[in-house]
Amino acid sequence: MKVSHNELTGLCRRAFEGLGFHAGDHEDAADMVVWLEQHGLGGVDALRRGMDHLATTDRSAMSRPFEDTSLAVIDGAGNSVLVVGSLAADLAYAKARRKGLSVVKVQNCYNRILMLGYLARCARRGMNLLAFWRNSEDPVVVEQVVSIRAYEEYPTLLLYEVEDPDDNLTRNRSVTLVASPHFSMLQSLHPNPDEANLLQVLDPEDFQRQSRRVLDEGMEVDEDLWARLKDLSALTLVEATEASRLRGAGEGGVQSND
């Protein structure tokens, strides 16, 4: 089924609120899913594949086993990037503003492709960013490298097939962010050409063209997923009690899960 940008964003926000995301976080998560879908990178499919996991993981289990003024390691505790991505991007931004360069590594997380939306938002605040991670896509391992210049709207994404015998980047399901306000890191990280084959390049023009097409034609969403999102969004409804009417919620109103 075809839906508009606003329809998908609104329903995802209510669904994430129904899943227990905190105020603000549910809006961030929805925006990241829609951003990825809008730019042709399968945000809806990533959400569909991770939905069961989102409903069961413990968001309170995340931790920071290491941190100093310019470096940080975040243990995502098996959560989606939708849960930890905003923290990672904001941490990279804050440290880079203070020290000129920062590195933040998130371990034990999934849906890492959704990090692109957080990076694009962070770049609009004047930060040059680069991120990389590896996915095991049997029978190959694919390294994804994304970079975006400060104040630019669209990133560059490079996909490589790499030799990866028992590599920690893959086994730990990690994503590494590098940030600096002082110099661009666009396409500055390339695997050794003897160990990697370039599979695909998506440049800012590709992202822009896809965005225009999707905004004109709408977004394709599986009907089963749409129904599930609607069920989750219903969890935010309050009963039409006298107290809720006084608060302005009324029949079928919406309240925060703070």
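The values are calculated or read from the model by the stated rules, or taken from the named source; none is laboratory data. Nothing here was measured: the structure is a model prediction, and the numbers come from that model. FYI the Cβ positions are ideal-geometry reconstructions off the backbone, even for glycines, and counts take in every protein chain you see.
Of note:
- In segment 160-178, residue modelled with the lowest pLDDT [restricted to those that are part of a helix (DSSP H, G or I) and closer than 12 Å to Gln144 by Cα]: Leu169
- Here is the figure for segment 220-238: residues that are in contact with a Gly (Cβ under 9 Å, 6 or more places away or on another chain) and more than 17 Å from His26 (Cβ to Cβ) total 0.
- Positions within segment 4-16 being hydrophobic (A, V, I, L, M, F, W, C) and surrounded by fewer than 17 Cβ atoms within 10 Å (Cβ to Cβ), in sequence order: none
- Ser147 vs. criteria in contact with a Ser or Thr (Cβ under 6 Å, 6 or more places away or on another chain), closer than 20 Å to Ala96 by Cβ, in a strand (DSSP E or B) and at pLDDT below 95: yes
- Pairs, first at negative phi in segment 69-92, second assigned to a helix (DSSP H, G or I) and aromatic (Phe, Trp, Tyr), C-beta under 8 Å, six or more apart: Val81/Tyr118; Leu82/Phe16; Gly85/Tyr118; Ser86/Tyr118; Ala88/Tyr118; Ala89/Tyr118
- Test: residue in segment 54-65 that is acidic (Asp, Glu), surrounded by fewer than 16 Cβ atoms within 10 Å (Cβ to Cβ) and within 24 Å of Pro181 (Cβ to Cβ): no
- Only residues that are in contact with a helix residue (DSSP H, G or I) (Cβ under 6 Å, 6 or more places away or on another chain), under 15 Å from Lys105 (Cβ atoms) and aliphatic (A, V, I, L, M) were counted in segment 124-143, giving 2.
- Apart from one condition, Gly117 fits all of (1) buried (at least 17 other Cβ atoms within 10 Å of the Cβ); (2) touching a strand residue (DSSP E or B) at 6+ places or on another chain (Cβ under 7 Å); the exception is (2).
- Sole exception among (1) farther than 30 Å from Val145 by Cβ; (2) at pLDDT below 65 for Leu232, by number: (2)
- Considering segment 196-214, the residues that are surrounded by fewer than 16 Cβ atoms within 10 Å (Cβ to Cβ) and among the acidic types (Asp, Glu) include one that is nearest to the chain's Cα centre (by Cα), namely Asp203.
- Pick from segment 179-209, criterion hydrophobic (A, V, I, L, M, F, W, C) and assigned to a loop (DSSP other than H, G, I, E, B), ranking: modelled with the highest pLDDT: Phe183
- From the list Leu101, Leu91, Leu82, Leu130, the one residue that fits, being buried (at least 22 other Cβ atoms within 10 Å of the Cβ) and either of a type outside the set (A, V, I, L, M) or in contact with a Ser or Thr (Cβ under 8 Å, 6 or more places away or on another chain) (or both), is Leu130.
- Enumeration of residues in segment 17-53 that are buried (at least 23 other Cβ atoms within 10 Å of the Cβ) and in contact with a His (Cβ under 7 Å, 6 or more places away or on another chain): Glu17, Val34
- Whichever residue in segment 37-52 is closer than 22 Å to Thr176 by Cα and part of a helix (DSSP H, G or I) and, among such residues, is modelled with the lowest pLDDT: Gly50
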